[in-house]
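Notes to accompany the following structure.
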Amino acid sequence: MRIVSPLICRILLILLFCAGLLAAAAEPRTPQEEPPAIPLPVFEFHSGFWLNLHHTLYHQARLQRSSTTGANAITTAAGMSNLSPAEARAWNAALAFYAKAYADKDLTVSLEMILIKNQLGDFETCEDLSGAKKKSCDAGLPAQLTQTLESAAPVYRAHLWSEHDRSNRRWITAVAPLVRRSGLDLSHRLAEIYQTPWPRERIRVDVTSFASSTGAYTTLDPLRVTASATDARNQGAEALEVLFHEASHGIADVVQDAIFRECRQRDKPIPRDLWHALLFYTTGEVIRPLAAASPASAALSSAGSATSSAASPSSGYVPYAVREGLYKRGWEDYLRILTQYWQPYLDGRVDFSDAIAHMVSAL
Ligand SMILES: [Zn+2]
């Protein structure tokens, strides 16, 4: 749910990875193995082996670090109970490396983790990452990471990948009809609200078993969404709201800039996360009428029992921020001013600048 400055990203890209990596990254990738018969609008979904392996190791290494039961118990709990001694050695060595090198880094803000994630996504169809079998598959990643992923790959492929890939694809299949039906309309509406053109290219969504503690996150330049297929918050038709919230990170600069500008003009401290609360609020509101009209509205309304002023009794749809209690965790004021001053803009009764000015002056 967080984003990173494109400029810093670009600088770090140069520092972190060698020229070989950049040359390799520029080469055209093999198309997805199973492209949908008719491409979906707005989003392009991927279930990639390397990125899923990377997130699985990262997640297990973090669990292992905070657990007293040790690597074997974590591995067993994750569904890998029948490892041979050689497999267990390879997997535990990979976990030890991830615990040391990456477990303390945040997937959503660490530029190193973001660059690794993007690179593994780009090389998803490669059998290896060192280019040993195919030169164009040299991903140019740090040598120890490449070696770790390549030795953990057979273990992951044998014990977890089929299950992860199946659940990723099931998730994609479930959300695809919603994207096909409402995706374009939603993208146009959000672009109009944020006064920013929607990206011309379809937005890449990497679907993974684990995707950060928030269940989904977005990185910029290039704009990419990573979403967990198994996270309870992303299930059923609600996945649509998660996808459009995440994608909105890519077109929220105008809102952020306007809030900052109004604050500076009024000599007020810039409110932390108001823009993010606004994103949550807006996505929830634009999804609501579609949810009411959709055959999937039953799934939408059954997902949460929470109610509040932001939940519409007419559709039964409970927006993500309400459902997950975000407004109750320090965003109460934000919900108040969004309902009072931003909603009239969404209803077409005031213009964008007036809505932002009213919100900031009411803070
Ligand atoms: Zn977010």
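Just so it is clear, none of the values below were taken in a lab; they were calculated from the coordinates. Values in this document were obtained by computation on a predicted structure and should not be read as measured data. Counting neighbours? That spans all protein chains shown, and the Cβs are built from the backbone with ideal geometry, glycine included.
Please report Rg (one decimal) and Dmax (integer) in Å for the Cα set of segment 202-247.
9.7, 29
What is the Cα coordinate range of segment 75-155 on the first, second and third principal axes, sorted by size from largest, in whole angstrom?
33, 33, 19
Run the numbers for residue 174 and residue 347: contour at 0.36 nm per residue of separation, minus the present Cα-Cα distance, in nm.
59.2 nm
Which FRET efficiency, nearest 0.05, do residue 143 and residue 105 yield, Cβ-Cβ r, R0 22 Å?
0.75
Please state, to two decimals, what the Cα-based radius of gyration of segment 122-224 comes to when divided by 2.2 N^0.38 Å (N = residues).
Relative to the rule-of-thumb radius for its length, segment 122-224 sits at 1.37.
For segment 48-141, what does the relative contact order come out to in percent, with C-alpha contacts under 8 Å and a separation of six or more? Walk me through the numbers on the way to the answer.
On the way: 74 pairs, mean separation 29.7, N = 94.
It comes to 32 percent, rounded to a whole number.
For segment 230-287, what is the relative contact order in percent, using Cα pairs closer than 8 Å and at least 6 residues apart in sequence?
The normalised contact order for segment 230-287 reaches 41 percent.
Size of the dipole of segment 27-146 about the Cα centre, Lys and Arg at +1 and Asp and Glu at -1 on the beta carbon, nothing else charged, in debye to 20?
Working: 10 positive and 13 negative charges, 90 e Å.
Once rounded to the nearest 20, the dipole reads 440 debye.
Mind pulling the per residue volume of the convex hull built on the Cα atoms of segment 169-272? Å³ is fine.
So the per-residue hull volume is 114 Å³.
Å³ per residue of the Cα convex hull, for segment 165-227?
Dividing the Cα hull volume of segment 165-227 by its residue count gives 101 Å³.
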